[in-house]
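Remarks on the structure that follows.
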Amino acid sequence: MNKRLILIYLIATAFLFVSCDNQTDENNENKNYPERNHTDVKNEIALTSHQIQHIDLKTETVEIKEVDIPLILSGRIALNEALTAHITSRIRGRIEKVHAVISDRVSKDEILLELYSQDFLAMQSEFIQAEERLKRMKESDPEYATAKSIYESAKKKLEVIGLNQKEIQNLADNHSPLTLLPVRAPFAGTLISGEARLGEFVDVGKDFFLLANLQNLWVLADVFEKDLPLIREGITGEVIPTAYPEDSFNAKLTRIYDVVESASRTIKARFEVSNTANKLKPEMFVTVKVFSKLGGKNPKVSTTAIMKEKNGAYVFVALNDTTFQRREISLGKETKDYTEILNGLKAGEKVVTRGTFYLKSELAKETFIEEEE
């Protein structure tokens, strides 16, 4: 009987020792982390200083400010249509001389080819006769106005088919017609397509060459609908060719097109870029970096602070140094670095930018424990 009483006494003593030891551990934890007081609010979580240091938690103050918005657009090089011209025949005739071929770089007024044309010879003869008649008259003559009108008409015909003022003046002074009609480049550029074959008979409108000034090109970039508010005509950007990823070229946005492409849901934005080094080629693929700004009266926070769910988004707001509240928010314009907040936050509040996943996990644990209880 005594042995049984001794055994019962020993077991009771052991249980009492374990219970006191557990209570001592809890008291020590509360002593080490006195700020750890779990809140009864379901969307709040309280951490210890040790936990905050361990997860390297960071916060930032919500501000109403203007932030830089870098946009990366895909695009391609295109000809500047304002500096592109079709070189065509303005008269019937036969190609007698060819001075340039495809890919040649030509200067303004350089002769590309020469035509023999009976119509051209007839126009020169008409001009010479009109000029001689006008010279014989005085301004007081009754037919002077008619003669001058005929002279101006004959002169205009020669200008239209391509003769310059020096050639017309030589014809008026010497009465010596040109045998061949020169076809000239209207501006400096590169012959990028077309052909002119020696001996070929041509009619009015025959297309000889396509001339383009490749020193100034267009970049047609694709802008998604959601990014359209961030760009405007006149802003600048950088063009980076796929062929030369280390090079960049300054560009200016000159036109935003008016039609959305249904397949890609993008809008074309046209940039102008200088190509003095001749590195850029039409139809090259490029990347366009656009530098824009997002302003307005709504607060902005770092995108890293945003936690998204199927039905919305939220952030963790720092109520104090150790207590954090899950806050539902409405998002505005989203970028890689910053996000506009339409509802849910006010300027001056602090949101967590690093450690959000840990807070989400801890809040889920407490919610689960409360539901179990």
Looking only at residues in the stretch 228-254 that are of a type in the set (A, V, I, L, M, F, W, C) and buried (at least 20 other Cβ atoms within 10 Å of the Cβ), which one is nearest to residue 331 (Cα to Cα)? 231
How about the stretch 50-168: which strands (runs of 3 or more DSSP E) wholly inside it have at least 2 residues that are open to solvent by less than 50 Å² (accessible area, probe 1.4 Å), farther than 30 Å from residue 252 by Cα and among the hydrophobic types (A, V, I, L, M, F, W, C)? 111-116
When the stretch 217-227 is examined, which residues are found to be surrounded by fewer than 20 Cβ atoms within 10 Å (Cβ to Cβ), in contact with a strand residue (DSSP E or B) (Cβ under 6 Å, 6 or more places away or on another chain) and not acidic (Asp, Glu)? 220, 224
Tally of residues being out of contact with any Lys or Arg (no Cβ under 7 Å at 6 or more places or on another chain), over 14 Å from residue 360 (Cβ atoms) and either among the acidic types (Asp, Glu) or touching a residue at least 40 places away in the same chain (Cβ under 8 Å) (or both) across the stretch 312-331: 4
Consider only pairs whose beta carbons are under 6 Å apart and that are at least six residues apart or on different chains; among these, list those whose first residue lies in the stretch 349-364 and is under 11 Å from residue 302 (Cα atoms) and whose second residue is modelled with pLDDT of 90 or more and part of a helix (DSSP H, G or I). 351/305; 353/304; 353/305
Show me the strands (runs of 3 or more DSSP E) entirely contained within the stretch 211-311 in which 1 or more residues are touching a residue at least 40 places away in the same chain (Cβ under 8 Å) and either among the basic types (Lys, Arg) or at positive phi (or both). 266-274, 285-294, 300-302
Can you pull out the residues in the stretch 292-302 that are hydrophobic (A, V, I, L, M, F, W, C) and either closer than 18 Å to residue 218 by Cα or open to solvent by less than 10 Å² (accessible area, probe 1.4 Å) (or both)? 301
Considering only the stretch 206-216, I want to know if a residue exists there that is of a type in the set (Gly, Ala, Ser) and open to solvent by 20 Å² or more (accessible area, probe 1.4 Å). no
Condition check for residue 199: in contact (Cβ under 8 Å) with a residue 12 or more places away in the chain, farther than 30 Å from residue 158 by Cα and either out of contact with any Ser or Thr (no Cβ under 6 Å at 6 or more places or on another chain) or part of a strand (DSSP E or B) (or both): no
Does residue 353 satisfy the criteria of being touching a helix residue (DSSP H, G or I) at 6+ places or on another chain (Cβ under 6 Å), surrounded by 15 or more Cβ atoms within 10 Å (Cβ to Cβ) and either at pLDDT below 95 or not aromatic (Phe, Trp, Tyr) (or both)? yes
Exactly one of 309, 272 is farther than 29 Å from residue 44 by Cβ and surrounded by fewer than 19 Cβ atoms within 10 Å (Cβ to Cβ), and that one is 272
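Here's the yes/no breakdown for (1) modelled with pLDDT of 95 or more; (2) within 30 Å of residue 241 (Cα to Cα):
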site	(1), (2)
63	no, no
84	yes, yes
106	yes, yes
111	yes, no
117	yes, no
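The values are calculated or read from the model by the stated rules, or taken from the named source; none is laboratory data. What you see is a predicted model; the values in this text were computed from it and never measured. In this analysis, Cβ positions are derived from the backbone assuming ideal geometry, glycine residues included, and neighbour counts consider all displayed protein chains. The protein model used for the area step is the full one, side chains on, heavy atoms only, and it has no ligands, DNA or RNA in it. Shrake-Rupley method; radii C 1.70, N 1.55, O 1.52, S 1.80 Å.
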